[in-house]
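The structure appears below as structure tokens.
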Amino acid sequence: MALTVLLWLVSIPLQAAAPSPPALMLARDLGTTQIDVPAYYVSEKLDGVRARWDGRALWTRAGHRIATPPAFVAGWPDTPMDGELWVARGRFDVVSGIARSSRPDPAAWEAVRFMVFDLPAHAGPFSERVVAMRALVAQTARPQLRAVEQTRMTTRAALDARLAQVVAAGGEGLMLHHADAHYGVGRSAALLKLKPHDDAEARVVAHTPGKGKYAGVLGALVVEHHDGRRFRIGTGFTDAQRANPPPPGSWVTYRYNGLTSTGLPRFARFMRTRDEMPP
């Protein structure tokens, strides 16, 4: 009997260990901080899915493998690349759904591009990595692989004008990467994001029913911030999202304009559901 049980236990396949999240460089908010603008490369902040190519597969920032059609990554280099799976401005929900599917649809993936913005294994400063990225993408010559456009600005006024241009066209904001910075793991003052608004994450704890024209659908989300404080988000939803709102337990990203005197976000409005929280 004991031998039978032992053989049965041995025959059970071991479950694969969960992968470790990739060691990523993360941005800090620039806000109104004064910086030496000419020292930075500037690019658009893309509203896509952050991903890391390890030379063989794509991984989310939380360490989950992204299932892609073989043709999508065919011919890619074995060089690690940091980038964003992207379709177009304002299409985050589309690319998020594509990236989350465990059964990749080749037709859906045709619209996706992997926008490369860094080379984690490159030992040089960002100015050298920009040159290496452009050369790598050009040499690979695959339509699914693109290098994010990196430009230089001379003044804060020019930077703010570029931000206004991107936002007016439907973009989220800008990314600034110091030309002399080496790739480093975690939040870095060498990588900054500039947006016309603040945003943050909160966990959904409840729904409140709608009234008037929203009767029968979502009125507002009751959410909980990391510090345990709760508040409501009642705007920013499409009709489809009000009919099928993010469930309790899920995380959402919201925009806001500063904080109230009690420290809660002012004019909080829904942006999107987070498929996974940053590691």
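The values are calculated or read from the model by the stated rules, or taken from the named source; none is laboratory data. It should be emphasised that the depicted structure is a prediction, and the values quoted were computed from it without experimental measurement. No Cβ is skipped: glycine too gets one built from the backbone with ideal geometry, and neighbour counts run over all protein chains shown. Side chains are part of the model used for accessible areas, which takes the heavy atoms of the whole protein and leaves out ligands, DNA and RNA. Shrake-Rupley method; radii C 1.70, N 1.55, O 1.52, S 1.80 Å.
Scanning the stretch 120-148 for residues that are closer than 26 Å to residue 90 by Cα and open to solvent by 10 Å² or more (accessible area, probe 1.4 Å) gives 134, 137, 142, 143, 144, 146, 147, 148.
Residues checked against (1) within 17 Å of the chain's Cα centre (by Cα); (2) under 26 Å from residue 138 (Cα atoms):
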| site | (1), (2) |
| --- | --- |
| 27 | yes, no |
| 32 | no, no |
| 41 | no, yes |
| 68 | no, yes |
| 80 | no, yes |
| 83 | yes, yes |
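In the stretch 89-98 there is no residue matching the filter, namely being in contact with a Gly (Cβ under 9 Å, 6 or more places away or on another chain), basic (Lys, Arg) and open to solvent by less than 40 Å² (accessible area, probe 1.4 Å). Any residue in the stretch 109-123 that is over 19 Å from the mean Cα position of the chain (by Cα) and of a type in the set (A, V, I, L, M, F, W, C)? Taking every residue of the stretch 109-123 in turn, at least one turns out to be over 19 Å from the mean Cα position of the chain (by Cα) and of a type in the set (A, V, I, L, M, F, W, C). Taking the stretch 164-279 and the strands (runs of 3 or more DSSP E) fully enclosed by it, the elements with 2 or more residues that are modelled with pLDDT under 90, closer than 22 Å to residue 40 by Cβ and open to solvent by 20 Å² or more (accessible area, probe 1.4 Å) are at 186-194, 198-209. A Cβ distance below 6 Å, combined with a sequence gap of six or more or placement on separate chains, defines the contacts here; from the stretch 58-72, residues that are within 22 Å of residue 187 (Cα to Cα) reach residues that are open to solvent by 20 Å² or more (accessible area, probe 1.4 Å) and not in a loop (DSSP other than H, G, I, E, B) in the pairs 59/52; 59/65; 61/50.
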